[in-house]
Structures are given as C-alpha cells and as structure tokens.
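The values are calculated or read from the model by the stated rules, or taken from the named source; none is laboratory data. Note that the structure is predicted; figures quoted are calculated from it, not measured. Glycine gets a Cβ as well: all are built from the backbone with ideal geometry, and neighbour counts include every protein chain shown.
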Amino acid sequence: MKYWRKRIVYMMAIMLSAGGIAGNMGSEIVLAEEKETVKGRYAEQKLSLPEENCKAVIDICFLEDGTMRIAYRDSEAKLKTADSKDQGKSWETPRDLWEEFGKSEKAEPMTVNLSKDGGIFSSWNCLEGENTFLAVYLSAEETKKEFDLTLMPEGQGYVYKSQFSPSGNILLMGDKFLCEISREDGRLIRTYESGGYVTDFGIAGNQLLVFADDTIHYYSAKTGDPLPEETVFTEHLQMESGENTEEVVSSRVFTGMGEQGILYVSKKGIYVYNLGGSVVEQLLSEGYLTGISSKTELMDVETDADGNIYLAVSDRYSDNPTGMLLKYGYDKEQEAVPGTELDIYMLKRDTHMEQMISLFQKEYPDISVTVQEGMTGEDGVTATDAMKNLNTEIMSGEGPDVLLMDNLDAENYIERGMLEDISGIMEKAGILENIQKAYEEEDGSIYCMPVRFGIPILAGGSGEIDNAVNLEKIADMTEKYENQYSDSFFPAYQTRWPGVMLRFFGEISASEWMKKDRTLDAEKVKDFFQQVNRIYQAGQKAGNASLDSTYEYAEKMERIYDKNRREESSLNSYLVPCADGQALFSYGYLFSLEELFLLTTIEKQNSDISHRLLNGQAENCFSPEMIMGISVKAREKEAAKLFVSFLFSEEQQKNNKEAGFPVRKSVYDSEEYWELGQEGNIEYGFSSTYNGESHDMITVVHSADDQIKEIQKLGKTLTMPSGGSRIIQDSVLEAGKRYLYGGTDLDKAVEQAVSQVKLYLAE
C-alpha cells in the first residue's frame with residue numbers, strides 16, 4: 001500500500017459526443033495505469049512570435065475570417081498587435097498600438113483586448129490631466145473613441161482586467177465592481193457586481209463566471225441574467241484553490257468549447273467541463289509536459305476551428321522574462337503516457353525544482369515525470385509522518401526514483417544504504433571542491449549533492465558587525481544597542497517572531513548539535529536557546545509589540561516563512577531599512593546576483609554599511625539548495641541518473657539564478673555567469689514600505705569587479721552545509737519556542753529537545 005500520493009495522468013481519447021469538445025477530441029477519460037500502451041494525447045508546441053524578446057503575450061483572438069491576432073508587448077514593453085494566417089507559423093507586419101492610440105509617456109496602458117470583428121480596446125492610467133482613467137476603443141475601420149472611466153461603480157476607474165462580451169460590449173473589472181459598457185459611447189449597460197471584492201472573471205461561450213467574495217457567480221454573457229450554479233465546476237475550482245477562490249488575476253483563464261463546454265486552464269493543467277456534467281475532465285496535467293508552471297502567468301486561452309488550443313503565457317520570473325505563445329494539438333498516435341515514468345519525491349513543494357523538471361520534460365519527452373509531495377499542508381501530515389511513510393516505501397521497493405533531500409536526514413539514509421552512489425555523475429560535472437568535499441565520504445563515494453547554494457550574510461554598521469563573528473557576538477551587539485532603536489525593526493524583522501528567528505539561526509547552528517555517536521549535544525542546544533533568546537528579548541525591549549498581542553500573527557508568519565523559505569530567508573528583503581538607519585543590521589542568504597547587486601549598491605550609497613559572512617554556532621556554512629539523491633531501489637535508475645546529470649549540466653547550472661549560486665565549477669568561475677548579460681545599471685529598482693513609511697526607490701547598479709570577486713572567493717571558502725534533518729530541527733525548535741514564549745524554563749526546554757530527538761533516532 002502506498003502512503004504517498006501517486007498522481008495519475010489523465011488523457012483524452014477520441015470524442016464522439018455532440019455536446020463536447022469540437023473537432024477530433026474525445027470525452028472518454030483513460031487512466032494511464034489501466035493500459036500498458038494508451039494512444040492519444042495533447043502535444044505542446046511553442047510558436048514563434050512576431051518579434052524577438054517580447055516581454056509578454058497579452059491576448060489571443062481568432063478573427064471572423066480565421067486569422068489569428070495577438071496583442072503583445074515588444075522588447076521595449078510597447079503595445080503591439082500582429083496577425084497570422086497560418087496559425088502562428090509566420091506573422092504580418094505588427095501594428096504599434098502606442099502610436100495608434102496617440103498616447104505618450106504620461107499615460108500607461110493597463111489592459112488590451114481584441115474582438116473577432118477586428119476592434120481593439122485598451123484601458124489607460126493617465127499620469128497627468130483631469131481624466132485619470134481612460135478607455136480607448138479602436139474599431140476595425142480605425143475609428144478611435146475615448147471614454148472616461150472615472151465614474152465607474154464604487155467610484156473606481158482603475159481596471160485590472162477587461163474583455164469583450166459575446167455581444168461585442170466590454171466587461172470591466174475593478175477591486176469592487178464588474179460592469180459592462182458600450183464600445184460605441186462608453187455608457188454603462190449593466191453592473192454585475194458592486195461593493196464586494198471581485199478577484200477575477202472569465203467568459204466561456206455564453207457563460208460569464210465571476211469570482212467574488214470567495215464564491216463563484218454565473219451569468220449569461222449575452223443577457224446578463226443570473227444562471228444556476230454549476231456545482232461540480234464550482235467545487236473543482238474551490239478545491240484547486242484550497243477552498244478559497246480569492247486568487248490573483250492571471251492564475252486561470254477560460255474560453256468556450258463547443259456549445260456547452262468550458263475550457264479552463266490553471267497552473268494545475270488544462271481542463272474541460274460540459275454544463276450540467278458530473279465531472280471536470282483533465283486534458284493535460286500540470287507542469288512537466290507543458291509550459292505551464294507555478295512561476296508563469298496565464299494571460300489568455302483560445303481555440304481554433306480544428307480544436308487546437310492556444311495559450312498566452314508570461315514567463316516573467318525567468319532570467320530573461322518573455323511572453324510565450326503555446327499551441328496544444330491532439331495527436332492520436334502519441335502515447336498518452338511516455339513509456340518511462342520517473343518518480344521524484346519532495347518533502348515540500350519547490351517551485352524552482354518544478355521549473356527545472358519542466359525543462360527536463362521538454363528535452364526528454366519520452367520520460368514522464370511524476371512529483372510526490374510529502375507535506376502538502378492540506379492534510380495535517382507532519383514531517384515525521386511524511387518521512388516514516390517515505391522510508392516504508394523505499395524499503396519495500398515501491399518508493400520514488402529520485403529524492404529532493406532538502407530537510408531529509410541524509411546521514412541516516414546513507415548509513416542505512418538507501419541512496420545510490422552518484423560520484424560518477426559529480427566527477428563528470430566538476431563540482432566546486434569545497435562543496436564536493438562537504439558531501440564526499442572517506443572512500444570517495446557521494447550519495448547526494450545540492451544543485452545550488454546560498455551564502456549567509458550579515459549586513460549593517462561596519463563598526464559593529466566586524467565583531468559579530470558568531471551567534472553569541474550577535475546577541476552581544478543587539479543587547480548593546482537595544483535602547484537606541486525604538487521601532488519594530490530592531491535589529492531585523494525576524495526578532496518579532498521567535499519561530500522564524502529560531503528556524504533561521506537553527507539552520508546555521510544545527511551541524512553543531514549532534515555528537516559523533518548521533519545523540520543530541522545538550523550543552524550546545526542550551527547555548528543556542530540562550531543566545532537566540534537574548535536577541536529576541538533585545539528586540540522586545542526596543543519596542544516590539546507585546547507577545548500576547550502578536551502570538552497568533554507570529555505563528556502565521558512562521559508558516560509563511562516555512563512555506564516560502566528561500567524567498568523569506570533572502571537577505572535582500574530587509575536591507576532597505578538597514579540602509580535607511582531603521583535597523584541596526586539585517587541578515588539572510590545571498591541567493592542571486594540581483595541580491596548581491598542590491599547589497600553592493602546600498603554599500604556604495606552608504607559608506608557606513610558593510611557585510612560579512614554570517615556564522616551561527618557553526619562556522620563557514622552554506623545553504624544547500626535542491627539536494628539531489630537517487631534511491632538505491634529506484635525502478636528507473638537510468639532515467640534517474642539522466643535527470644540528476646541534467647540538473648548539473650552546464651546549461652542548467654547557468655539557469656534558475658534566483659535559487660542560489662551554481663555548484664558546477666566551470667559555471668561558478670565563468671565571467672559570463674557573473675556579468676548577468678548586462679553592463680552598467682540594472683533596469684529595475686527596489687523599494688519597501690514598513691509601518692506605513694515608504695522608503696526611496698533604489699536604482700540597482702552592477703557590482704564592481706572587485707566586489708564580485710570577493711563574493712566568488714567567499715563562496716569557495718564555505719565548508720559546512722546548513723540545515724540537516726527536518727525532524728531533528730523541529731524537535732529542537734519546538735522546545736526553543738516554548739522557552740522563548742515563556743512557557744517553560746531553559747533546562748526543561750533542553751530536556752524536551754533531547755528527549756524528542758532520542759525518540760526519533762530510536763525509531
């Protein structure tokens with residue numbers, strides 16, 4: 001019996017029912033596991049765009065004569081449209097909407113929509129002038145009309161989303177309204193929603209779906225009349241969003257499919273639902289066979305007369321943000337599920353790893369990748385439960401092929417002979433010597449290796465942080481200045497939330513907690529609790545909110561930190577208050593060049609600010625990111641080795657720069673990697689608002705060569721992986737929280753930690 005979830009891939013066979021998907025698609029769902037060879041699946045094709053380096057594809061429309069038209073932003077982010085007569089194989093000369101709308105740099109477009117009859121609509125935020133919010137409609141005959149949107153329902157003219165209705169009118173959505181206006185004169189035709197919070201809407205055929213106040217309302221898109229709720233579809237959407245429909249725009253898109261069908265795309269995959277039906281059918285599952293991932297924005301979806309699906313995707317989180325136009329065509333000759341199924345295990349979801357899996361899947365389409373999450377956060381499964389289940393599966397030969405070892409007890413797995421030796425893969429990759437030695441056994445074998453790594457940094461006043469060489473000295477510094485910083489940002493945001501602070505400092509201290517005999521060192525744990533408590537109490541004395549009033553919020557922030565650990569533990573989020581003198585220091589990991597450039601820019605602007613390596617109880621730590629291992633009992637061992645080799649390839653080590661620095665020596669040492677492909681100023685800024693106070697925008701400047709070389713050199717000196725076993729950390733940190741919260745004394749907290757770890761190790 002499997003304890004961890006086995007995701008089953010659903011594929012569509014040929015559809016014969018009249019009310020279903022148009023063309024050659026089918027309604028029968030075939031479970032890939034029921035047949036050894038099931039034919040037929042949707043294949044993705046990335047179409048060319050009218051220009052190189054397009055920033056985003058915004059809208060797709062098939063005109064009445066079958067021409068495909070898209071609206072997009074070019075390399076300079078200007079609005080354009082282009083037509084294709086051959087389904088995206090070639091493009092006619094683009095139209096510059098910026099010029100045709102007659103706008104200047106003093107106005108910015110917020111939405112753009114295309115209609116089947118050739119009309120174009122766009123809403124604008126005017127930075128100067130009496131009419132703050134305007135709409136422009138350009139007819140197929142190129143007649144231009146402007147409407148004032150300032151007098152929209154709820155007194156709001158700011159439009160987050162717009163779309164043509166089936167009748168040719170225009171739907172406008174703001175924070176608290178959804179209304180329909182005439183494209184001829186801008187008059188208000190009807191108001192669908194007003195007063196409550198409207199988060200999204202979509203048109204699918206003649207159905208209008210409105211997401212408002214945590215529910216879904218159904219209307220006729222032609223008449224505006226309310227329609228009966230489609231309970232099955234509503235329940236599917238609510239379940240997918242965690243029983244909360246309040247999601248940001250661009251997390252899902254809709255269009256019609258036949259007379260009664262709703263084609264629906266989310267970051268979970270592509271679905272179709274027939275009105276009145278009993279099931280939401282899945283055409284493609286999430287991610288790995290598609291360009292859809294958790295890090296993309298879904299802008300629009302349309303179908304052509306042959307039943308092909310076209311999806312506009314904005315890949316804004318990549319190293320080079322671009323728009324993509326994806327086509328999904330049904331191929332009845334392709335295997336529904338590739339012959340090789342590779343199972344990958346993650347204790348918790350990792351979006352960066354998912355992105356790399358998607359790239360692997362595209363390069364090796366004959367390998368189907370399935371990802372298992374041990375802790376989804378939705379079923380109450382703890383880390384202990386998840387790891388027990390995983391161990392049971394591995395030992396029975398039914399476990400995953402590849403393990404993402406982050407938070408797993410790698411040492412325990414190695415001792416029990418549960419991991420494959422991957423030293424051959426690492427030898428070919430050429431890993432940084434200091435990183436490799438940290439994972440190399442005495443006999444030269446290697447059982448796991450991080451794909452990337454982060455560097456813990458302490459930044460602040462140079463006169464103080466120079467002496468803050470370890471956790472005890474950091475506590476000394478906070479106590480010294482506890483009366484000089486009266487706001488809630490002394491000495492850094494983490495001091496307000498004990499669980500967050502314990503988690504972070506625990507990562508760079510945990511390697512000191514275990515004795516050689518694999519028992520917990522009570523004295524080291526006691527010292528850890530004492531020093532972290534000193535930092536916390538200094539923050540409390542500096543004017544932080546009382547514990548009683550912030551306990552619930554602190555627990556919430558701990559969950560957020562845990563869920564988004566890589567983003568939340570990054571140094572860059574808390575540098576600005578330090579630079580502005582609002583905080584004595586800031587700490588966190590450097591994971592990317594952008595973060596490094598922000599740090600060095602701040603240091604250049606404020607000569608009192610400097611940085612050093614951050615040590616906890618342990619010294620010379622690095623944060624291992626995406627630690628990979630292969631199960632010794634992997635059923636698809638060759639595919640597993642291929643996947644791990646792919647992650648450490650030169651091409652992939654150059655990608656995903658936000659997740660940490662590369663461990664492959666040839667990439668880490670290359671000038672190409674550290675240049676970021678740019679010279680001079682980086683084309684973005686950084687600003688923050690704390691306690692209602694806005695901090696100035698910072699123009700980030702590319703670091704000087706000597707600053708880059710200093711970080712390069714520092715990265716090569718780090719020898720100790722931070723973190724380790726999630727269960728051991730949780731046992732220690734839960735006892736530490738009780739001590740910091742005042743629920744138990746120091747000795748009792750240490751005793752509890754020792755007891756819990758002993759119990760775990762005995763199991």
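Counting only residues that are in a helix (DSSP H, G or I) and among the aliphatic types (A, V, I, L, M), segment 574-629 holds 8 of them.
Would you mind finding the one in 595, 567 that is among the charged types (D, E, K, R) and free of Cβ contacts under 8 Å to residues at least 12 places away in the same chain? Just one listed residue meets the conditions, 567. When segment 252-277 is limited to residues that are of a type in the set (Gly, Ala, Ser), surrounded by fewer than 23 Cβ atoms within 10 Å (Cβ to Cβ) and over 26 Å from residue 351 (Cβ atoms), the one that is modelled with the lowest pLDDT turns out to be 258. Here is the figure for segment 395-416: residues that are surrounded by fewer than 21 Cβ atoms within 10 Å (Cβ to Cβ) and either touching a helix residue (DSSP H, G or I) at 6+ places or on another chain (Cβ under 9 Å) or assigned to a loop (DSSP other than H, G, I, E, B) (or both) total 6. Scanning segment 465-518 for residues that are modelled with pLDDT under 85 and in contact with a strand residue (DSSP E or B) (Cβ under 7 Å, 6 or more places away or on another chain) yields a total of 3. Applying the criterion of at least 1 residues that are of a type in the set (Asp, Glu) and over 33 Å from the mean Cα position of the chain (by Cα) to the strands (runs of 3 or more DSSP E) found wholly in segment 149-226 leaves 177-181.
Exactly one residue out of 17, 27, 75 is exposed (fewer than 15 other Cβ atoms within 10 Å of the Cβ), at pLDDT below 80 and either in a loop (DSSP other than H, G, I, E, B) or on the phi > 0 side of the Ramachandran plot (or both): that is 17. Close contacts from segment 384-407, counting a first residue that is under 26 Å from residue 756 (Cβ atoms) and a second that is assigned to a helix (DSSP H, G or I) and basic (Lys, Arg), with Cβ to Cβ under 7 Å and a gap of 6+ residues or different chains, come to 407/726.
So which residues in segment 432-472 are assigned to a loop (DSSP other than H, G, I, E, B), free of Cβ contacts under 8 Å to residues at least 40 places away in the same chain, at negative phi and outside the structural domain of residue 507 (by TED's automatic domain parsing), if there are any at all? Across segment 432-472, the qualifying residues are 441, 442, 443, 445. Condition first: surrounded by fewer than 20 Cβ atoms within 10 Å (Cβ to Cβ) and touching a Gly at 6+ places or on another chain (Cβ under 8 Å). Now tell me which residues in segment 700-736 satisfy that. The one that is surrounded by fewer than 20 Cβ atoms within 10 Å (Cβ to Cβ) and touching a Gly at 6+ places or on another chain (Cβ under 8 Å): 701. Output yes when any residue across segment 660-675 is touching a Gly at 6+ places or on another chain (Cβ under 7 Å), surrounded by fewer than 19 Cβ atoms within 10 Å (Cβ to Cβ) and at pLDDT 90 or above, and no when none is. Yes: segment 660-675 contains one or more residues that are touching a Gly at 6+ places or on another chain (Cβ under 7 Å), surrounded by fewer than 19 Cβ atoms within 10 Å (Cβ to Cβ) and at pLDDT 90 or above.
Restricting 379, 366, 385, 350 to residues that are touching a Pro at 6+ places or on another chain (Cβ under 7 Å) and either at pLDDT below 85 or crowded, with 20+ Cβ neighbours inside 10 Å (or both) narrows the list to 366. Contact annotation: residue pairs with Cβ atoms under 6 Å, 6 or more positions apart or on different chains, pairing a residue in segment 498-513 that is closer than 19 Å to residue 457 by Cβ with a partner that is surrounded by fewer than 24 Cβ atoms within 10 Å (Cβ to Cβ) and among the charged types (D, E, K, R), are 500/558. The set of residues in segment 451-464 being modelled with pLDDT under 90 and closer than 11 Å to residue 587 by Cβ consists of 460 alone.
Looking across segment 61-81, the residues that are touching a residue at least 60 places away in the same chain (Cβ under 8 Å), of a type outside the set (Phe, Trp, Tyr) and more than 11 Å from residue 323 (Cβ to Cβ) come down to 61, 66, 68.
Please go through segment 61-72 and pick out each residue that is part of a loop (DSSP other than H, G, I, E, B) and surrounded by 15 or more Cβ atoms within 10 Å (Cβ to Cβ). Answer for segment 61-72, where residues must be part of a loop (DSSP other than H, G, I, E, B) and surrounded by 15 or more Cβ atoms within 10 Å (Cβ to Cβ): 63, 67. Residue selection: residue 540 fails the criterion of being at pLDDT 90 or above and among the polar types (S, T, N, Q). The single condition from (1) within 31 Å of the chain's Cα centre (by Cα); (2) at positive phi; (3) not aromatic (Phe, Trp, Tyr) that residue 425 fails is (2).
When you check residue 181 against the structure, is it in contact (Cβ under 8 Å) with a residue 24 or more places away in the chain, surrounded by fewer than 21 Cβ atoms within 10 Å (Cβ to Cβ) and of a type in the set (A, V, I, L, M, F, W, C), yes or no? The answer is no for residue 181. Inside segment 726-757, can you point out the residues that are polar (S, T, N, Q), in contact with a helix residue (DSSP H, G or I) (Cβ under 7 Å, 6 or more places away or on another chain) and either assigned to a helix (DSSP H, G or I) or within 17 Å of residue 519 (Cβ to Cβ) (or both)? Within segment 726-757, 729, 731, 752, 756 qualify.
Among the residues of segment 417-428, is there at least one that is modelled with pLDDT of 90 or more, within 17 Å of residue 626 (Cα to Cα), of a type in the set (A, V, I, L, M, F, W, C) and in a helix (DSSP H, G or I)? Yes. Among all residues of segment 576-592, there is at least one that is at pLDDT below 95, surrounded by fewer than 24 Cβ atoms within 10 Å (Cβ to Cβ), under 27 Å from residue 404 (Cα atoms) and not acidic (Asp, Glu).
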